[in-house]
Structure formats: structure tokens, C-alpha cells
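What follows is a single structure, written as C-alpha cells, with notes after it.
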Amino acid sequence: AAAAALGLLPLGKTQSPESLLDIAARKVAEKWPFQRVEERFERIPEPVQRRIVYWSFPRSEREICMYSSFNTGAEDPAAAPGGAAT
């Protein structure tokens, strides 16, 4: 109530602490690709796998756009082997 009164939280909203599973899964996803996690550990419980995969994907719209616009340079005629030089 005091935090809401100070404007730190929206009125009527309370924050619950992040679960230990989410914290651990986020830290793993920040450091290692999921494929490496699968290769390294023999058995990973399914709920843990789901949270690691969830945190492996980018969160912000800018990051999503950056990763989804992967450019190999093939569209640029100058970049192709034997392409036109300008």
C-alpha cells in the first residue's frame, strides 16, 4: 500500500516475486543456447525446458526486428560473387 501511495506501483496492482525457476531459466538462457543445454544435460524436466525456451527468445520489439531481418547480402548485386561493381 505504501509503495502504491508513493507512485511506485499502479493502484490496485501488487508485484509478486519472480519464481526461482524463472530466475534460473532466464540466467541459463542469457548465457547458453538451448541446444548446448540439451547436449550437456542428460535429463531436463519439461517445465524447466519450457522456461529456458521462453527466456531464450528476445523480449523487445527492437531485438525481434534485428533477429528477424537476418541479411545474407544476396539481395545486393554488388555483394554477390561476380556482381556489378559501382
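Since every read-out is calculated from the coordinates, none of them should be taken as a lab result. Treat the numbers as computed from the prediction; the structure is a model and nothing was measured. Cβ sites come from the backbone with ideal geometry, for glycine too, and all protein chains shown count toward neighbours.
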To the nearest 20 debye, what is the magnitude of the charge dipole of the stretch 20-68 about its Cα centre, counting +1 on the Cβ of each Lys and Arg and -1 on the Cβ of each Asp and Glu?
-> 120
Cα gyration tensor shape of the stretch 20-68, rounded if a/c is under 1.5, else prolate or oblate by comparing a/b with b/c | prolate
So, counting K/R as plus one and D/E as minus one, what does the shell of residues with Cβ under 14 Å around ARG26 add up to?
-> +2
